[in-house]
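Enquirer: The structure under discussion is supplied below as structure tokens; questions concerning it will follow.
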Amino acid sequence: MKSILFFSLFSLSVGFPLAQFAKKNDGPKLYKVGFKSIITKDSSRIYKSQTSVTNRFHFRPLEIDLWYPAAISRSGQLIRYGELIDMLQERSNRFQNDTVYNNLTAGLVQYFCSNLNIKDTAKLTLLNTCSYRNADKADGKFPLIVYMCSYNGMGYENVNLFEWLASHGYIVASITSVGKYPGNMSTRPEDLMEQVYDGAYTIKYLKASNNTDSTETGMIGYSWGGLAALILAMNTPKMSAVLSLDGSEMHYYGESKEEDEDFDSVRNAAFSRSSLINFPYTYLESGFKEADTKPDSIFNILPSLNAQKQYIRFLKYTHEDFSCLPSLVTQIAERKDRTPKSYGQINEFALNYFDKYLKNKGDGLATQLSAIFSRQIGDSAYPAINRVEKNRDLIIKGIVDDKKNNEPIAYVNVGIPGKNTGTVTQLNGRFMIHIDQGLENDSLKISMVGYLSLTLPISNLLKKNTNTILLTQKMADLDAVTVTAKVLKTKIMGNTTTSRFVSVGLPLKFLGSETGIKIRLGRKRMLLKSFSFTISDNRMDTSVFRLNIYDFKNGLPFENVLHQNILVPIGKQTGTYKVNLTGYKLILKNDILVSLEWIEGSPSPKGSVIFLSAGFLNSATWHRLTSQAEWKKFNGIGVGFNVEVQGLAN
């Protein structure tokens, strides 16, 4: 198992509000909440190929996290949130034997606290849940709800929802997102189906339990788990109802070519049988799907369904609002209102939804739906693409030449500053860039290390079929390296991780896409001797990156301080790369941003993405989508870039 984070998909959302349940005088009977983790295996599926039946990895291992109505028990102890996080490290080690993870829990805790601005990590790990470990089961039979976790997710991402449902008389089984051996989840159909099969086994396993109502089964899926939940439900007889929390079965094309192709494979295989969907199905969606990138198209299965269906778009909710993440801060602060209104709305909807379809109690759902629409919390309008037609008048073509010798310049950055519209010139200096309508009065910036930058009005460039742009070389005075009799020590600065567990996915969609971290050199001058990074997974046949180094101004990356290109060609291989910098005589101080920029390459059949090793306990990662675009900072996780430096005599 490994945790992969994409820049444009940064999605690792966990947490819960942990509100204590109290019985109202006129409310329903509420139960204590029990929790246990069931460790088993599915002997009908091979997990690690080419092993004997005696090998512990031969058959598919399963670990089912179960929340259930419980009786008051002396043996039951409240579990803490840190214990739930620690389960990921324990499970990661049990699901494979190639790597031993010792600091994963500490890294995850630091990552969550950094993103949620929680200064004291102990307050997170020591936070009590409402779940009693191994508590006695309450008497009676209860409907089963199977929850499919998000991409590489576990039950801690939505534990308060589970507690809420269990306290109202439901058994909730959380299915961790685990792919093929060694458990690494991906968007590939074969990995997705492993989670689906895990869910199918779980239903069969729990139906034999003496306190599970075998006649009623519901499904919940969050994010990538929504797609898995819908596929599982389509293949489960007598499914009672499915609820998708911003699930990936509503697919927005254009973010990642690889993910688009993987989704199409699933869509063609599974959704061609959409007639199998004869159960009530509801999709709840967030309202910020098109904030950064305009999708090419949207796949929406709902309009084609003849079953009972409901779609609600919560315009002011983010993707994380469908998890417990925003609730951690309010819980740790011990505020009276311990559950954010958005998350409370989702929990209440889930309860009302399953009360109607699993317990035949329909009043609560109708009342809540009426309030959602009347108070304009949400609407039922399906998302639509606002297409911006690209026509010949809004295409800029050009060639960038050296003014002195009229030779074409390769890898020049061309784009609109601060906008996600840009590219890089080809080896022959040529470029073509599409300009969205409404940007005609903006300007195009053309920049290249070793040359003076140009900023040209787009309106003027649109008037010509092909623009010839001349760049002037700039003279640079390089600092002299001071040679002393005393040998000064070298040291490594930055993020030295080579982890294959924690990775940052760099989708290579636009030339000029760039990723880096800040390195604090200090006040004394440093000679940069080498630059290193590690590729944990490579889905490109060939690619060329450019090493860039920027100074900072007003807290943001500002100007590239290099005077010539430093190219980093990469083939299909993975592993650690080391770039020798001694010949460039780079003498710097203070804060710098060290980045890799994609300037050339061809994708493999596996897709257009490279995964860079990263660490939870390191500096934030900076990223921009294409040339001249706005830099964005992602706290809590740092891509594994580091430099070897040597101090210089003043």
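The values are calculated or read from the model by the stated rules, or taken from the named source; none is laboratory data. Please read these numbers as outputs of a predicted model, since none were measured by experiment. All Cβ positions, even for glycine, are placed from backbone atoms using ideal geometry, and neighbour counts span all protein chains on display.
Enquirer: Which of the numbered conditions does Ile64 fail, given that it passes all the others? Conditions: (1) of a type in the set (Val, Ile, Thr); (2) under 16 Å from Ala166 (Cα atoms); (3) surrounded by fewer than 19 Cβ atoms within 10 Å (Cβ to Cβ).
Expert: Going through the list (1) of a type in the set (Val, Ile, Thr); (2) under 16 Å from Ala166 (Cα atoms); (3) surrounded by fewer than 19 Cβ atoms within 10 Å (Cβ to Cβ), Ile64 breaks only (3).
Enquirer: With a cut-off of at least 3 residues that are under 20 Å from Lys445 (Cα atoms) and modelled with pLDDT of 85 or more, name the strands (runs of 3 or more DSSP E) lying wholly within the range 537-650.
Expert: Working: elements: 540-553, 556-560, 567-570, 575-580, 586-588, 591-603, 609-615, 621-624, 632-634, 642-647.
Output list reads 540-553, 556-560, 591-603.
Enquirer: Going by the structure shown, is Thr515 modelled with pLDDT of 90 or more, within 29 Å of Gly438 (Cβ to Cβ) and among the hydroxyl-bearing types (Ser, Thr, Tyr)? It would help to see each step written out before you state the result.
Expert: On the way: modelled with pLDDT of 90 or more: yes; within 29 Å of Gly438 (Cβ to Cβ): yes; among the hydroxyl-bearing types (Ser, Thr, Tyr): yes.
Taking the combined requirement at face value, the residue satisfies it.
Enquirer: Still on this structure, please answer the following. Quick one: how many residues across the range 254-272 are more than 22 Å from Phe611 (Cβ to Cβ) and surrounded by 16 or more Cβ atoms within 10 Å (Cβ to Cβ)?
Expert: Taking the range 254-272 as the starting set, the residues that turn out to be more than 22 Å from Phe611 (Cβ to Cβ) are 267-272.
Narrowing the set further to residues that are surrounded by 16 or more Cβ atoms within 10 Å (Cβ to Cβ) leaves 267, 270-271.
The qualifying residues number 3.
Enquirer: Looking only at residues that are buried (at least 18 other Cβ atoms within 10 Å of the Cβ) and in contact with a Lys or Arg (Cβ under 8 Å, 6 or more places away or on another chain) in the range 522-536, which one is modelled with the lowest pLDDT?
Expert: Ser536
Enquirer: Right, here's the next one. Does the range 256-264 contain any residue that is of a type in the set (Lys, Arg) and at pLDDT below 90?
Expert: Taking the range 256-264 as the starting set, the residues that turn out to be of a type in the set (Lys, Arg) are 257.
When the remaining residues are screened for being at pLDDT below 90, the result is 257.
The answer is yes; a qualifying residue exists.
Enquirer: Would you point out which residue out of Leu230, Leu243 is hydrophobic (A, V, I, L, M, F, W, C), buried (at least 24 other Cβ atoms within 10 Å of the Cβ) and part of a helix (DSSP H, G or I)?
Expert: When all the criteria are applied, what remains is Leu230.
Enquirer: Could you check the range 168-200 and list, in sequence order, the residues that are hydrophobic (A, V, I, L, M, F, W, C) and farther than 21 Å from Asp260 by Cβ? Step through it out loud before you land on a result.
Expert: Keep residues of the range 168-200 that are hydrophobic (A, V, I, L, M, F, W, C), which gives 171-173, 175, 178, 185, 192-193, 196, 200.
Passing the criteria: Ile171, Val172, Ala173, Ile175, Val178, Ala200.
Enquirer: Next question. Are any residues in the range 424-438 closer than 28 Å to Phe545 by Cβ and either over 32 Å from the mean Cα position of the chain (by Cα) or surrounded by fewer than 15 Cβ atoms within 10 Å (Cβ to Cβ) (or both), and if so, which ones? Full working, then the answer.
Expert: Step one: of the range 424-438, the residues closer than 28 Å to Phe545 by Cβ are 424-436.
Listed by number, the residues that qualify are Leu427, Asn428, Gly429, Arg430, Met432, His434.
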